[in-house]
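What follows is calculated from the coordinates using simple rules that are stated; it is not laboratory data. All values reported here derive from a predicted model rather than from experimental measurement. Because the Cβ atoms are built from the backbone with ideal geometry, glycine has one as well, and the counts that use them run over all protein chains shown.
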Amino acid sequence: MYQTTINTDAERPTEFVEALAKGLAILESFDSAHPEMTLSEVARRVGLSPAAARRSLITLQTLGYVGQKDKRFHLRAKIMTLGSAFYFSAGIGDILQPNLRELVEEFGDASSVGTLDGMDVIYIAHYSIQRARRAAAVVGARYPACATSLGRVLLAGLPDAALNVYLATVRPPDLTSKTIKDPDTLREEILTVRENGYSTTVDQLDYGITAIAVPVRDLEGRTIAALNSSGYTGKVTPESLVAERLPALREAASHIAHEITRYPILQSMIGT
């Protein structure tokens, strides 16, 4: 995943709390590739001095969000309460999950809803009958937007200026041999997604994942989220997904958009 650093160049309000930002950046620095780290490793990933990182780690440890074994720090289960607070307060289980369940009951495989956060897509709802050992699309998972069907739909929904900034700064990771890493090729792909109104990907994030995604738009036509359906590469193709699942996926996205208009708090929580 991307290294988590604090952006010191961004415009900040006078009330901005630097210490809180440092603590949150530390929590975000732990992932599947870095489940436990030494003080120096945490400091390096977040871009802090060891002394500053130590103060934040001690605070998080005292609050119960971080644990320590020997000289290595790790997240504790209490961190899950932060994610569950969003899940329940946004009504995701009541509003989004039934639509995903219906898609999976009809087509099998898996379905997810994601939203854009910087250069990543964050999965905010997911339902699956798959049990494969591959990149997990669980709620809260964060992956490079450029390598997922959800992410490309979200990128295609950005205004031109924002998309240009993204393409000028993104460094696509080398995830598989098929992952698009050339910025010009990526731009062409995203513009094609914008024109078609959907995205298909094959083995971009991980081997074995073929997916199709469509935008979820608000009343003003802005893309605020994306909905996908995915299956095993070899058992499904982009062409079969378009022919068999695209109409149902668009209908579900329209229903989700309608539901979101009934719950403005959810739109404000997931809107980009």
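Tabulated values for the structure
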| quantity | calculated |
| --- | --- |
| Anchor LYS22: lysines whose Cα lies under 25 Å away (excluding residues fewer than 8 positions away in-chain) | LYS69, LYS71, LYS78 |
| Candidates ILE209, ILE190, ILE26: whichever shows maximal mean-square fluctuation once the chain is modelled as a Gaussian network with Cα springs under 10 Å | ILE26 |
| Sum of side-chain charges, ALA226 neighbourhood, beta-carbon under 14 Å (Lys, Arg +1; Asp, Glu -1) | +2 |
| Amide H contacts under 5 Å for ALA225, placed H, 5+ residues apart | VAL216 |
| Karplus (6.51, -1.76, 1.60) ³J(HN,Hα), θ = phi - 60°, over the range 28-34, in Hz, Gly and Pro reported as x | 6, 6, 7, 8, 4, 7, 9 |
| Amide H contacts under 5 Å for ASP120, placed H, 5+ residues apart | ALA145 |
| Acute angle (nearest 10 degrees) that the helix 50-63 long axis makes with the longest principal axis of the chain, alpha-carbon atoms | 80 |
| Protection proxy ranking of 59-67, 222-230 - average other beta-carbon atoms within 10 Å, highest first | 222-230, 59-67 |
| Label-point gap, in nm, between ALA77 and THR169 - each point 7 angstrom along Cα→Cβ | 3.8 |
| Crossing angle, helix 97-107 versus the chain [Cα axis fit, 0-90 degrees, rounded to tens] | 50 |
| Sorted by Cβ neighbour density within 10 Å, fewest at the top, the residues TYR207, TYR198 | TYR207, TYR198 |
| The range 83-270 - Kirkwood radius from inverse mean 1/r over Cα pairs (Å) | 16.3 |
| Expected 222 nm ellipticity per residue - DSSP helices of 4 or more, -39500 (n - 2.57), all of the chain, to 500 | -13000 deg cm²/dmol |
| In degrees, nearest ten, helix 80-89 long axis to first principal axis of the chain (Cα) | 40 |
| Listed residues LEU163, THR210, MET119: farthest to the positive end of the dipole of the chain (Cβ charges) | MET119 |
| Per-residue Cβ neighbour rank within 10 angstrom, fewest leading, GLU41, GLU15 | GLU15, GLU41 |
